1. Using a ≥ b ≥ c from the Cα gyration tensor of the range B:2-99 (square roots of the eigenvalues), is it rounded, prolate or oblate, where a/c under 1.5 gives rounded and otherwise the larger of a/b and b/c decides, a/b for prolate?
2. Stretch residue A:522-residue A:174 to full length: gain in nm at 0.36 nm per residue minus the Cα-Cα span?
3. Does the range A:493-551 come out rounded, prolate or oblate by the C-alpha gyration tensor, with a ≥ b ≥ c the root eigenvalues, rounded set by a/c under 1.5 and, if not, prolate when a/b is larger than b/c and oblate if not?
4. I'd like the per residue volume of the convex hull spanned by the Cα atoms of the range A:414-556, given in cubic angstrom.
5. Nearest 5 is fine: what % of DSSP beta bridges in chain A come out antiparallel, could you say?
6. How would A:252, A:246 line up from fewest to most surrounding beta-carbon atoms within 10 angstrom?
7. Would you mind ranking A:362, A:274, A:298 so that the residue whose beta carbon has the fewest other beta carbons within 10 Å leads the list?
8. With a Förster radius of 45 Å, plug the Cβ-Cβ distance of residue A:261 and residue B:32 into 1/(1 + (r/R0)^6) and report the FRET value to the nearest 0.05.
Ligand code: SF4
């Protein structure tokens, strides 16, 4: 993985010292809150309901064991013993004291981590496919490009005060596991007819108040033009993006109001001027970054199949887990493992300090020291020999992280919601916990098959509800929580925005409503091979409306 | 009826203004303002405390009495007074007897 060079070290160290000074001046009263707030936000420090929150960047979701242990150390030493992995592949601590944050950042810097650009109207953490560098269906590893974008965008003077925040995602496989079409810029790596690498470029995707699917403005952008073209997009946005209205300031609104064709033309014009500038990526630079992401040397481990056969014969829980929580690796002796942070009835995305340590140990012992955070709030060990899967599973059972539900109905994304978040209208986590408990049965979950439920506690949509097969949005109505349901959303290579099914449900009704939706699907699907999303796309919302609202729906 | 609430600057702890001018960590100790004059007094004290950098995010909240206990009208404020509803073992609710969040 990427290692800091001298410049990176000095830069992060200087930033920690600067923030330490700013916190001291705030605590002594030299800085007012109005002066301090933008400074703390530049360092990932928010004020939430119960305490401050510190959001730590995990570039493209990649962590080493050492880094994961440091997160565990921080959780234990300065927080309440746990952390929350987010849909942006980051980690949030929900209880740090302001006075401790400079020290936390100093500790983080020792393992090459920081919280820069995890807030504010700048280019945020660049996200990528969590199976990057391992997946069998990959064209190329997206992380070197994400790293190039990270370096280019870090404290970029021209793009530090954009009209609004800006999110870039990169994926490198045919199947899009990074939801690139709902990002401000989505990059889909592919090869052209002559075998050159490049990107399909989407712009103006996003969720929130006005969900939009990104518009394709370039079918194939050669890799050497990555920074010049991205700069061109950012320039057009920086110039024309609406600074007059916070709710219209994202690039998706600019694309929508300008029209895709016109916007693409403006970008191309900027790009013409930049194309042969110093932003053009020399082959040698790409290779230098590529080298950091070279896959580990994977020794042949052909004994895997026999080992798995023997183990599954006596352990059905292990067989369940193999069925659900593996992704096909480039090397047939290996697999990528999903460590579910969605135990039945647990808080989605939370991990305790002990669990972080244990996952770090597993990665070190069996996973070539690599861990990933998925935007679905799970952890991934990208390279595990199939022969070692049983040992990994057994240890995961011991630490309570062996739930066999990746991609199933209980693998729910949920934002922190009103249990923590100052912007929330309703709670998300308890809804996730109750749905998870309702669908606890492994047999029933597998009968239902692939089904993504995503829950947000307000319209900001951190829980990606618009692209949930079943999306749940918490709103406040007359002082009470109410949950609005959308159906048919999807955040993959066939992105769609879910449609509101009808009136919302109270906290006591929402789990039954989800159950009704699932039962309706089961009753109407052609057979087991037609997943929920496909069935919904074929059937439309009518049978679901009928089941949820009965006569009420017909009357309407 | 209103209370004045804020977060303590140094650690973010949720606090309410108490009758003796302290920022209390427990909502049951909060001073209740029942008329305009009292509300203005709370607001003034809040502004001064913010100016002294003791607290941030100072707000008046609406409360009522339910079974003899202070009950913030908004769920948000009930959760602030107790801690995350999903973690009875964390926050104020873990430390003492406070109202249940919901
Ligand atoms: S979706 Fe809303 S409630 Fe949930 S974390 Fe984002 S801002 Fe907070």
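Just so you know, all these numbers are worked out from the coordinates, no wet-lab data involved. Predicted, not measured: the structure shown is a model, and the values here were computed from it. Here the Cβ positions follow ideal geometry from the backbone for every residue, glycine too, while neighbour counts run over all protein chains shown.
1. Oblate.
2. Result for the pair: 122.4 nm of gain on full extension.
3. It comes out prolate by the Cα gyration axes.
4. 110 Å³
5. Values: 51 of 64 bridges.
Antiparallel bridges: around 80 percent, rounded to the nearest 5.
6. Ascending number of Cβ neighbours within 10 Å: A:246, A:252.
7. Result, fewest neighbours first: A:298, A:274, A:362.
8. 0.15
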